[in-house]
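The values are calculated or read from the model by the stated rules, or taken from the named source; none is laboratory data. Please read all numbers here as calculations on a predicted model, not as lab measurements. For neighbour counting, all protein chains shown are included, and Cβ atoms are generated from backbone atoms with ideal geometry for every residue, glycine included. Protein only, heavy atoms only, side chains kept; ligands, DNA and RNA dropped before computing areas. Shrake-Rupley method; radii C 1.70, N 1.55, O 1.52, S 1.80 Å.
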Amino acid sequence: MRIEFRNLDKCYGSVRANDKISLTLQSGTIQGLLGENGAGKTTLMKILSGYTRADGGEVLLDGTAVTFASPAQAIAHGIGMLHQDPMDVPALSVLDNFMLGAGRGLAQQRKRSAAQLTELSRQFGFALDPDATAGSLSVGERQQLELVRLLALGVQVVVLDEPTTGISEPQKLLLFAALRKLAEQGLTVIFVSHKLAEVEALCSRAVVLRTGRVVGEVQAPFSSDQLVMMMFGQCFSRGGRPAAPLGDEVLQLDDIAVHTHQLSVEHISLGVRAGEVIGLAGLEGSGQRLLMQACAGIRRVGSGRITLAGQDMTHEPYHRYLQERVAFVPAARLEEGMIAGLQIREHVALAKGNGHLFVRWDEAEAGARRLIDEFRVVGQPTTRVQELSGGNQQRTLLGLLPEHLRLLLLEHPTRGLDVESSRWIWQRLLARRADGTAILFTSTDLDELVDHSDRIVVFSGGAMSRPVSAADVTCEQLGYLIGGRHA
Amino acid sequence: MKARSPALQVLLGVAPILLTLVAATAILLVAGANPLAAFGQIISGAFESPRKLADVAMAMVPLLLCAAGMLVTFAAGLWNIGVEGQVVAGALATTWVALRLNAPAAVLLPLTVLAGMAGGALWGLLIGLIRTKGKVNEIFAGLGLNYVSMALTNYLIFGPWKPPDGATMSGTDPFPRAAWMPVIGTSRASLPAILLAVAGIVVIWWLLRDSQWGLRLKAVGQNENAAYRLGIRTSREIVLAFMVCGMLAGLAGSLQTTAVYRRLIPSISGGYGYMAQLVVLLSGLRAQAVPLVVLFFAAIQVGSPRLELRMYLDSSLGGVLQAGTVLFFLLVRGLRQRLSKE
Ligand SMILES: Nc1ncnc2c1ncn2[C@@H]1O[C@H](COP(=O)(O)OP(=O)(O)OP(=O)(O)O)[C@@H](O)[C@H]1O
Ligand SMILES: [Mg+2]
């Protein structure tokens, strides 16, 4: 299906998220959609897939103008969108989720749907268990589920909004193979991403947005420099990583074990020194998250000992960890990190204003302005956090971190950030080492792990490898380690 | 989002009341009554004389206090169905003090007020603990405790606190004079009660808007999990919210006994706790709007018995008006949200 945008406009208050966008996307291709944080990519895709309406302009499908009042209508016209955060119903089974939106769910249809699910999964090499609950799947699997669900509904256009953040390398390759297959079958695939390498590997054409406008359209083969130039108006050199002296041991884990219904993490021993950065690699759901939560005091450990700067913290409550200046930045930004419905300045007031009876709104406002300036957030002090673009939410979250931390735990710290922002955020994070902050972070991006860690540990099936020095390991070797093989 | 025209805003604002009036008119026409006359009766029944005005003011007192309390629990995202029981608990604690203690009014009255607040707060604490420690939804906890409070009242009236010449449905003996809230002249309006109610709503409005506590409550209400991660002790805030609400509801119950009935009667809460839920919903959880809505509810409450006396209509039409407005308000709000989503 050929998609044309003509003069699309969309404003949020004073922000022009989309500014007279005109574009034509041919069918049977994989189109890349690039742009820095807040460029308007998600907005454009949400208009296309019926999640919001444009203020002006039109969308044409194979030459006929359409407007959608809901995602369901867009799907009926053959347009489906995969959101960055999966939008399934966690409590329902995979099969139930698969059947959602497919109309009546009669018993006989159930059988047919089950067969269809198996067939589609087989076609793309997905291993989806129809009876598992969606909540027990990894992000990558939930994405696979969402994709086959849309395909079963007969969509002709698949929009993927930053689909590769938070999924593992093998899952990514599987997804790319599936997308190529779909393009061969004549579907239109729109791929929104910040990762140039992925766009280069996958897309036949790329469109670059900046401040709501189309600033470039290029055909493969791409040149990274050219894309970066279009996205930011300048090129960046990949700065080296300044060394920082290591201090005393800050965190000491002695034979930690954490158990959940799905996974047991056992025999974790690790010492982390002040100013040290440790990368936690591994497939999603291999135990990194559990360990991070244990170190943050959010999850009880089954056995073993956690020592922070010489104090036994094993059975201390969460707020004691906060007092000891431990901070945790979770991957699920709007579920665990920030409070949807509250403004940026209210977050600032909550984060900084403890001990006072009354909120000092002028201070909160000033603090929010400082955060916005310093972290280059596109927003106002009174912007509610759910109205920020994905990358701007991440910046805000990082901007809210207290100063002078002892231990900083980060899940996917640059998730959803564009190249330039990631570079800049890491600069800020690494600057905290001078303060003696130790950093533990998880990532699925091998470059990120190798570039920023002092040491890397690899998780697989709940077991943690011995730490390897990041200086001695290449991305390829790391990839093998994560796959459970030795280099 | 396009800015909607002010005219549309105003229209959406008054639409619930208009819709309710239309619906009520239809009901009255079906019942064969003159709608205009009926509405006129309600209005004159509420406002025609100083005496009626005093009744309206006194009906506003418990509504304002309960609504102020519920603003707190709603801010924390809690459905405090248990207000009714908290009102009763306040009344019981007050009665205990009033019947037990022998003291001059200057001592006894403040004590009754404090006892009422403490009783309500205790009831709130109970609901809060059941919710946070027992992980029981606050709706069930509150509802269950409402029945307990009713049973407790009846037990006390027909047991330990029964009048010497035998228990009746009319309640305990009147309190000693020292436990009567003073009234203005010969009217039924009690100035201290009215002032306490006004103070209650104003303080809550202010705290919710400007205090760190109010902000924490809001955070808990929007996302308990994330609020916890940000370092807010969510369980403590939830229990505290129930207690503050209970304190205000308990004060309402206390004033019902010392300023209105001057004794404990079996249905001391008079359903004000439930009605306050409607008030808060209709005010859109905004403290500024509460007094106006309370006035509306109290006027209907005081005015609608007239329907029965003068027009032989059932006075429950008043309840229909109250509930109908809330229903239409919620419908219009849903419509509004749909409109503003685009
Ligand atoms: N619901 C909303 N309310 C208010 N402003 C919004 C809303 N959604 C998006 N915006 C604003 O519109 C602009 C474009 O946002 P959009 O989400 O399209 O960016 P994006 O290109 O997807 O960025 P990112 O890479 O960070 O996800 C941003 O400045 C954002 O703050
Ligand atoms: Mg986006």
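No other residue among B:170, B:149 is in a loop (DSSP other than H, G, I, E, B), more than 30 Å from residue B:216 (Cα to Cα) and of a type in the set (Ser, Thr, Tyr) apart from B:170.
Among the conditions (1) outside any helix (DSSP H, G or I); (2) without any contact (Cβ under 8 Å) to a residue 40 or more places away in the chain; (3) out of contact with any Ser or Thr (no Cβ under 7 Å at 6 or more places or on another chain), the only one that residue B:309 does not satisfy is (1). Residues that are open to solvent by less than 30 Å² (accessible area, probe 1.4 Å) and part of a helix (DSSP H, G or I) do not occur anywhere in the range B:99-106. With respect to being open to solvent by less than 20 Å² (accessible area, probe 1.4 Å) and assigned to a helix (DSSP H, G or I), residue A:199 fits the description.
Here's the yes/no breakdown for (1) within 29 Å of residue B:332 (Cβ to Cβ); (2) among the charged types (D, E, K, R); (3) open to solvent by 20 Å² or more (accessible area, probe 1.4 Å):
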residue	(1), (2), (3)
B:174	no, no, yes
B:209	yes, yes, yes
B:227	no, no, no
B:259	no, no, no
B:268	no, no, no
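Just one residue in the set A:45, A:99, A:87, A:81 is at pLDDT below 85 and open to solvent by less than 70 Å² (accessible area, probe 1.4 Å); that residue is A:99.
On inspection, residue A:305 fails the criterion of being more than 14 Å from chain B (Cβ to nearest Cβ), part of a loop (DSSP other than H, G, I, E, B) and on the phi < 0 side of the Ramachandran plot. Note on the range A:259-294: among residues that are more than 15 Å from residue A:463 (Cα to Cα) and not small (Gly, Ala, Ser), the one that is most open to solvent (accessible area, probe 1.4 Å) is A:261. Taken over the range A:123-139, residues that are out of contact with any Gly (no Cβ under 8 Å at 6 or more places or on another chain) and not in a loop (DSSP other than H, G, I, E, B) amount to 6.
Okay, residues lined up against (1) modelled with pLDDT under 90; (2) open to solvent by less than 60 Å² (accessible area, probe 1.4 Å); (3) more than 25 Å from residue A:35 (Cα to Cα):
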{"residue": "A:423", "(1), (2), (3)": "yes, no, no"}
{"residue": "A:430", "(1), (2), (3)": "no, yes, yes"}
{"residue": "A:444", "(1), (2), (3)": "yes, yes, no"}
{"residue": "A:477", "(1), (2), (3)": "yes, no, yes"}
{"residue": "A:485", "(1), (2), (3)": "yes, no, yes"}
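Residue by residue, here is whether (1) of a type in the set (A, V, I, L, M); (2) under 25 Å from residue A:46 (Cβ atoms); (3) within 16 Å of ligand 1 (Cβ to nearest atom); (4) surrounded by 23 or more Cβ atoms within 10 Å (Cβ to Cβ) holds:
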position: A:125; (1), (2), (3), (4): no, no, no, no
position: A:132; (1), (2), (3), (4): yes, no, no, no
position: A:136; (1), (2), (3), (4): no, no, no, no
position: A:163; (1), (2), (3), (4): no, yes, yes, yes
position: A:174; (1), (2), (3), (4): yes, no, no, no
position: A:187; (1), (2), (3), (4): yes, yes, no, no
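Any chance the range A:328-345 includes a residue that's of a type outside the set (D, E, K, R), under 18 Å from residue A:404 (Cβ atoms) and in contact (Cβ under 8 Å) with a residue 40 or more places away in the chain? Steps first, answer last, please.
We begin by selecting, within the range A:328-345, every residue of a type outside the set (D, E, K, R); these are A:328-332, A:334, A:337-344.
Next cut, under 18 Å from residue A:404 (Cβ atoms) only: A:328-329.
Narrowing further to those that are in contact (Cβ under 8 Å) with a residue 40 or more places away in the chain: A:328-329.
Yes, the range A:328-345 contains a residue that is of a type outside the set (D, E, K, R), under 18 Å from residue A:404 (Cβ atoms) and in contact (Cβ under 8 Å) with a residue 40 or more places away in the chain.
Residue count for the range A:460-475 satisfying the condition of being modelled with pLDDT under 90 and within 14 Å of residue A:284 (Cα to Cα): 4.
Screening the range A:308-331 for residues that are in contact with a helix residue (DSSP H, G or I) (Cβ under 7 Å, 6 or more places away or on another chain) and assigned to a strand (DSSP E or B) and picking the one that is nearest to the other protein chains (Cβ to nearest Cβ) gives A:328.
Scoring residue A:105 on the criteria (1) part of a loop (DSSP other than H, G, I, E, B); (2) within 16 Å of ligand 2 (Cβ to nearest atom); (3) modelled with pLDDT under 90 leaves a single failure, condition (2).
Tell me whether the range A:397-413 contains one or more residues that are of a type outside the set (Val, Ile, Thr), open to solvent by 20 Å² or more (accessible area, probe 1.4 Å) and within 16 Å of ligand 1 (Cβ to nearest atom). Yes, that holds for at least one residue. Of all the residues in the range A:140-184, those that are of a type in the set (S, T, N, Q), in a loop (DSSP other than H, G, I, E, B) and within 18 Å of the chain's Cα centre (by Cα) number 3. Apart from one condition, residue A:230 fits all of (1) open to solvent by less than 40 Å² (accessible area, probe 1.4 Å); (2) more than 30 Å from residue A:126 (Cβ to Cβ); (3) not in a helix (DSSP H, G or I); the exception is (3). Per the conditions (1) open to solvent by 50 Å² or more (accessible area, probe 1.4 Å); (2) out of contact with any strand residue (DSSP E or B) (no Cβ under 8 Å at 6 or more places or on another chain); (3) more than 16 Å from ligand 1 (Cβ to nearest atom), the sole criterion not satisfied by residue A:156 is (2).
Of all the residues that make up the range A:452-483, how many are in a strand (DSSP E or B) and basic (Lys, Arg)? Break it down stepwise before answering.
Taking the range A:452-483 as the starting set, the residues that turn out to be in a strand (DSSP E or B) are A:455-460, A:463-464, A:468-469.
If we keep only those that are basic (Lys, Arg) as well, we get A:455.
Matching residues across the range A:452-483 total 1.
Yes/no per residue for (1) away from every other protein chain (no Cβ under 14 Å); (2) of a type in the set (Lys, Arg):
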{"residue": "B:124", "(1), (2)": "yes, no"}
{"residue": "B:140", "(1), (2)": "yes, no"}
{"residue": "B:183", "(1), (2)": "yes, no"}
{"residue": "B:188", "(1), (2)": "yes, yes"}
{"residue": "B:191", "(1), (2)": "yes, no"}
{"residue": "B:209", "(1), (2)": "no, yes"}
{"residue": "B:215", "(1), (2)": "no, no"}
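Take the conditions (1) surrounded by 14 or more Cβ atoms within 10 Å (Cβ to Cβ); (2) among the hydroxyl-bearing types (Ser, Thr, Tyr); (3) without any contact (Cβ under 8 Å) to a residue 40 or more places away in the chain; residue B:49 misses just one of them, which is (1). Under the condition of being more than 14 Å from chain B (Cβ to nearest Cβ) and either on the phi < 0 side of the Ramachandran plot or out of contact with any strand residue (DSSP E or B) (no Cβ under 6 Å at 6 or more places or on another chain) (or both), the residues counted in the range A:29-60 number 19. Just one of the listed residues (A:396, A:474, A:383) is within 16 Å of ligand 2 (Cβ to nearest atom) and more than 21 Å from the chain's Cα centre (by Cα), and it is A:383. I'd like the residue in the range B:1-28 that is farther than 15 Å from residue B:321 by Cα and either among the hydrophobic types (A, V, I, L, M, F, W, C) or in contact with a Phe, Trp or Tyr (Cβ under 7 Å, 6 or more places away or on another chain) (or both) and, out of all such residues, is modelled with the lowest pLDDT. Among residues in the range B:1-28 that are farther than 15 Å from residue B:321 by Cα and either among the hydrophobic types (A, V, I, L, M, F, W, C) or in contact with a Phe, Trp or Tyr (Cβ under 7 Å, 6 or more places away or on another chain) (or both), the one modelled with the lowest pLDDT is B:1.
Can you list the helices (runs of 4 or more DSSP H) lying wholly within the range A:337-431 that have 3 or more residues being within 14 Å of chain B (Cβ to nearest Cβ) and among the charged types (D, E, K, R)?
Details: elements: A:344-352, A:361-374, A:390-399, A:419-431.
In the range A:337-431, the matching helices (runs of 4 or more DSSP H) lie at A:344-352, A:361-374.
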